Amino acid sequence: MTHRSRTKSSAGAAPGAPLVAKTTMGASTLPDDAALLAAQLSRWFAGAARDLPWRHDRTPYRVWLSEVMLQQTRVAVVVDYFARFTARFPDVGALAAASEDDVLGLWSGLGYYSRGRNLHKAARVVVDEHGGRFPSTRDGLRALPGVGDYTSAAIASLAFGESAAVVDGNVHRVLMRLCADDTAIDTPAGQRATTARATALVTATSSPATVNEGLMELGALVCAPRAPSCGACPWRRSCRAHDAGAPEDYPVKARRPARRALRVAAVVLVDEAGHLWLERRASRGLFGGLWEPPGTVVPDDAGDAAATAATTEATTEAWRGLLVARGLTAPSTWPPAVVVQRTLTHRDLRFDVVVVPLPADAARALRPLDSGELDGRWLARGALGAVGTSTAVRAVLEAALGPPGSPRLL
DNA sequence: AAGTCGGGGCG
DNA sequence: CGCCCAGACTT
């Protein structure tokens with residue numbers, strides 16, 4: 001049922017039809033001359049390209065910043081973040097001079113926060129080891145933190161004119177459809193197949209940057225994941241998936257990551273001035289480097305994070321533990337939990353939250369857990385932007401305290 | 001080669 | 001409610 005029907009050309013093929021000539025061509029072969037395809041694509045791109053902020057002034061810094069932001073992230077979301085980053089950090093030196101908290105504060109809400117941490121690291125590498133200038137080759141760029149196969153090719157091509165082929169989700173989709181190739185793209189074989197085809201295209205043109213951007217733009221505007229606009233495609237007559245009438249059968253993906261439940265008990269500690277106690281998460285892993293109220297994972301016996309509406313004993317015990325571990329006294333009875341649920345790609349998050357107002361002396365005595373790395377600080381609600389916070393934590397605070405600016409408490 | 005890492009918009 | 005998005009990194 002979840003399988004989409006796949007049209008096989010062999011079913012209706014008449015005896016003696018020239019099937020052999022087609023199927024004996026190598027799987028990585030393009031259906032038409034590479035130079036011709038590249039020219040058609042470039043012509044289309046010249047007339048169809050969107051006016052995007054990072055296409056204006058193609059410095060390596062702006063190309064790099066935009067490409068990192070665009071990893072697994074839609075263009076519409078990136079536009080505003082790109083504007084804020086370039087305004088606050090006009091060049092790589094400004095970014096390197098900032099603190100990681102500053103960078104993550106501006107990155108908050110964009111997701112995949114290792115990108116933000118690596119962005120900051122890479123800026124410092126560029127300044128400290130390359131005199132403030134980006135490496136000008138793909139291999140040099142590839143050595144920067146957070147710059148992988150795709151991003152190194154993108155910067156090398158778009159900012160330096162190198163004929164390196166970019167392979168992202170758009171390119172996979174466009175080229176697997178063009179060739180009606182059912183090799184799974186999330187495998188080394190699929191990666192090799194698309195890279196070979198894209199390389200053939202950028203090698204056959206004098207403007208590899210245009211072909212690279214054209215491939216991605218075609219995937220974004222015409223060769224969409226669902227309901228592609230084949231009538232507007234410059235490659236319509238060459239496209240084998242279109243021939244078969246089944247463009248949406250491609251690309252094939254092998255992996256289906258399962259979503260696991262994660263239940264968290266958290267305490268929102270508020271002092272008499274209305275400041276919040278936040279602690280910094282470890283640098284690696286989920287929400288790495290971001291700040292949040294003290295919390296801990298609660299084993300969910302049911303296996304279903306949404307099963308229990310009422311506060312469980314495991315949750316109140318977790319709340320008590322969070323307070324005691326920080327030298328605070330836990331109340332004998334608890335109010336009902338404020339429950340916040342968020343769905344990520346690979347997680348079902350459920351927060352059971354309680355607000356704990358602290359008298360001045362208790363607030364002063366509060367210290368982060370002395371496990372070493374765990375940092376903690378009091379922060380005004382309106383100063384949250386000074387550090388990185390996840391959208392989940394912002395939702396937790398809003399649910400527990402009310403909308404920012406009109407504190408329900410104090 | 002498989003697992004991990006956000007968040008939101010869309011059909 | 002499942003899928004996808006200008007992927008990279010770890011194990």
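Derivation of every value follows stated rules applied to the coordinates shown; laboratory data play no part. Small disclaimer: the values here were computed from a predicted structure and weren't measured. Here Cβ is always computed from backbone atoms with ideal geometry, including for glycine, and neighbour counts include all displayed protein chains.
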Would you pull out the residues with amide H under 5 Å of residue A:224's amide H, same chain only if 5 or more places away, H placed 1.01 Å from N? A:229
What does the helix-only formula give at 222 nm for chain A: each DSSP H stretch with n ≥ 4 adding -39500 (n - 2.57), the total divided by the residues, and the result rounded to the nearest 500 deg cm²/dmol? -12000 deg cm²/dmol
For A:217, A:292, A:248, order by how many other beta-carbon atoms lie within 10 Å, fewest first: A:248, A:217, A:292
Through the Karplus equation 6.51 cos²θ - 1.76 cosθ + 1.60, θ set to phi - 60°, convert the phi angles of region A:162-167 into ³J(HN,Hα) values in whole Hz; use x for Gly and Pro. 5, 8, 9, 8, 8, 10
The answer for residue A:298, listing residues at least 5 apart or on another chain whose modeled amide H is closer than 5 Å to its amide H, is A:263, A:264, A:265
Folded to 0 to 90 degrees: helix A:313-324 orientation relative to chain A principal axis, Cα: 70
Let me know the shape class of region A:88-172, please: from the alpha-carbon gyration tensor, a ≥ b ≥ c as square roots of the eigenvalues, rounded when a/c is under 1.5, otherwise prolate if a/b is greater than b/c, or oblate. oblate
Which one, A:251, A:312, A:325, is farthest towards the positive end of the dipole of region A:209-338 when Lys and Arg carry +1 and Asp and Glu -1 on their Cβ? A:251
Based on Cβ point charges of +1 for Lys and Arg and -1 for Asp and Glu, what charge dipole magnitude is obtained for chain A about its Cα centre, in debye rounded to the nearest 20? 900
Towards the positive end of the charge dipole of region A:34-249, with charges on Cβ (+1 Lys, Arg; -1 Asp, Glu), say which of A:134, A:154, A:52 has the farthest Cα. A:52
Most positive-pole-ward Cα, A:385, A:144, A:178, against dipole of chain A from beta carbon charges: A:178
Can you tell me what share of the DSSP beta bridges in chain A is antiparallel? A percent to the nearest 5 is fine. 60
What is the packing order of peptides A:399-405, A:165-171, taking the mean over residues of other C-beta atoms within 10 Å and listing the highest first? A:165-171, A:399-405
Sorted by mean Cβ packing within 10 Å, highest first, what order do the peptides A:230-242, A:321-333, A:199-211 take? A:199-211, A:230-242, A:321-333
Rounding to the nearest 20 debye, state how big the charge dipole of region A:161-270 is about its Cα centre with +1 on each Lys and Arg Cβ and -1 on each Asp and Glu Cβ. 520
Between the helical axis of A:75-88 and the dominant principal axis of chain A, each derived from Cα atoms, what acute angle in degrees is found, rounded to the nearest 10? 60
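Could you order peptides A:342-348, A:375-381, A:386-392 by the average number of other Cβ atoms within 10 Å of their residues, highest first?
Per-residue mean Cβ counts within 10 Å order the peptides as A:386-392, A:375-381, A:342-348.
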Quick calc, region A:260-409, dipole around Cα centre from Cβ unit charges on Lys, Arg (+) and Asp, Glu (-), nearest 20 debye, gives 380
Residue A:268 long-range amide H proximity, modeled H, under 5 Å: A:354, A:355, A:356
